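Here's the structure we're looking at; comments come further down.
The values are calculated or read from the model by the stated rules, or taken from the named source; none is laboratory data. In this text the structure is predicted, and so the values were computed from the model without any measurement. Glycine gets a Cβ as well: all are built from the backbone with ideal geometry, and neighbour counts include every protein chain shown. Ligands, DNA and RNA are excluded from the accessible area calculation, which covers all protein heavy atoms including side chains. Shrake-Rupley method; radii C 1.70, N 1.55, O 1.52, S 1.80 Å.
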Amino acid sequence: MVETNTTTPLEALDLTHVLYDPTSNLGLALALVTLSPILLMACYGALSIVTRDFLIINMWIGQFGCEGFNYILKHLIKQERPA
């Protein structure tokens, strides 16, 4: 567990590195929303295989582009995370 300035211990979601305040329902909800890009990628992949619709494939390519752009920015900026 990691402690914050308010001395409230944080918990991690299973199989991820998303930390949230276990005493807050909003914290859990926001931690789950943080994982939505992973779910979107799986949905786009399944839909593009089943329907072969160009719109779905185009959205999937756009999501890959955004993830790649975020990865590049993260490694270019290299700023510390707020505590």
Exercise. Leaving out ligands, DNA and RNA, what percent of the accessible area of the chain is carbon and sulfur, probe 1.4 Å?
Worked result: 66
Seminar exercise, completed: Simple SL model, points at 7 angstrom along Cα→Cβ for LEU73 and PHE54; separation in nm is 2.9
Exercise. Any idea of the accessible area per residue across the chain, 1.4 Å probe, to the nearest Å²?
Worked result: 85
Seminar exercise, completed: Computed about the Cα centre, the charge dipole of the chain from +1 Lys/Arg and -1 Asp/Glu charges at the Cβ has a magnitude in debye, to the nearest 20, of 320
Seminar exercise, completed: Taking only protein heavy atoms and a 1.4 Å probe, the highest-to-lowest accessible-area order of THR16, THR34 is THR34, THR16
Problem set entry | Highest-first arrangement of 72-80, 49-57, where packing means the average Cβ count within 10 Å | 49-57, 72-80
Exercise. So what is the relative contact order for the chain, in percent, with contacts set as C-alpha pairs under 8 Å and at least six apart?
Worked result: 16
Exercise. How large is ³J(HN,Hα), in whole Hz, for each residue of the range 42-55 in order, when computed from phi with the Karplus curve 6.51 cos²θ - 1.76 cosθ + 1.60 and θ = phi - 60°, using x for Gly and Pro?
Worked result: 5, 5, 4, x, 5, 5, 5, 6, 6, 9, 6, 7, 4, 5
Problem set entry | Spherically averaged projected area of the chain from its Cα convex hull (nm²) | 7.2
